[in-house]
Amino acid sequence: MKNTIKVQRATRDLTQEALAKQIGVSRQTINSIEKNRYVPSTVLALKISKVFDKSVNEIFELEEED
Amino acid sequence: MKKIQQDLTLLPEMFKKVAFGIMVLSGLLVLLSILKVIAIDKEIIASIAQSVFLISLLMLVITRDKIEDELTMRIRLKAFAASFIYGVTIVIVEPLIHFLFGDSFLTGKGAIELLISMFLFYFIIKYIMKKSR
């Protein structure tokens, strides 16, 4: 599953640390999600989408192998 | 949102200090025994110290990290699984090593030694996984 968190962060000038703080996870977790090493839970995906004011589908997208 | 799927219930972070305190206590117990300050049989002291050490390791395992989120919980569960597999592997492989190389190659492990090695394996796996996340 790919995501656009890095792009969304860049457009809002938000650091990984700041985003992590807003949704209550560690910076490393945000880094892992951005690098597609970790697929977040639905709750976390919804929290991320809320921060960026976008739908989950706009941030997370399924790939062919998913 | 009300959580239906409960995560592992862990002790508060302050229990890490308690665990390290208990660990020091077990070392102190052995030291006092070696220095003959305590006049109790060495085997009894060793047995008590091992149990106390085991309790401190268990406490460390079930205590929250500074930042606890769903990724750290996943790492924790993976490390639990890895240490369980390690424990089972040791129990299966050890008699085979005894059979192939004789008793001098590896001394038989008791339950406490096995559990301590499983805990140490857990900490190593958790550390590696946290570093590479």
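A few remarks follow.
- Within region B:30-74, the set of residues being more than 19 Å from B:Y122 (Cβ to Cβ), part of a helix (DSSP H, G or I) and of a type in the set (G, A, S) comprises B:S33, B:A46, B:S47, B:A49.
- Failed item, numbered, when B:G102 is tested on (1) at positive phi; (2) open to solvent by 90 Å² or more (accessible area, probe 1.4 Å): (2)
- If you check B:V30, B:V52, B:V37, B:V61 for being surrounded by fewer than 16 Cβ atoms within 10 Å (Cβ to Cβ) and β-branched (V, I, T), only one passes: B:V37.
- One residue from A:E64, A:E17, A:E58 being open to solvent by 60 Å² or more (accessible area, probe 1.4 Å) and touching a residue at least 24 places away in the same chain (Cβ under 8 Å): A:E58
- In region B:43-87, of all residues being touching a residue at least 60 places away in the same chain (Cβ under 8 Å), of a type in the set (A, V, I, L, M) and within 14 Å of another protein chain (Cβ to nearest Cβ), the one that is farthest from A:V43 (Cα to Cα) corresponds to B:L77.
- Options B:L25, B:L8; residue that is open to solvent by 60 Å² or more (accessible area, probe 1.4 Å), closer than 17 Å to B:I112 by Cβ and out of contact with any Asp or Glu (no Cβ under 7 Å at 6 or more places or on another chain): B:L25
- Search result, residues across region A:20-38 that are over 9 Å from the mean Cα position of the chain (by Cα) and more than 10 Å from chain B (Cβ to nearest Cβ): A:K21, A:Q22, A:N36
The values are calculated or read from the model by the stated rules, or taken from the named source; none is laboratory data. Quantities reported herein were computed from a predicted structural model and do not represent experimental measurements. Cβ sites come from the backbone with ideal geometry, for glycine too, and all protein chains shown count toward neighbours. With ligands, DNA and RNA removed, areas are computed over all heavy atoms of the protein, side chains included. Shrake-Rupley method; radii C 1.70, N 1.55, O 1.52, S 1.80 Å.
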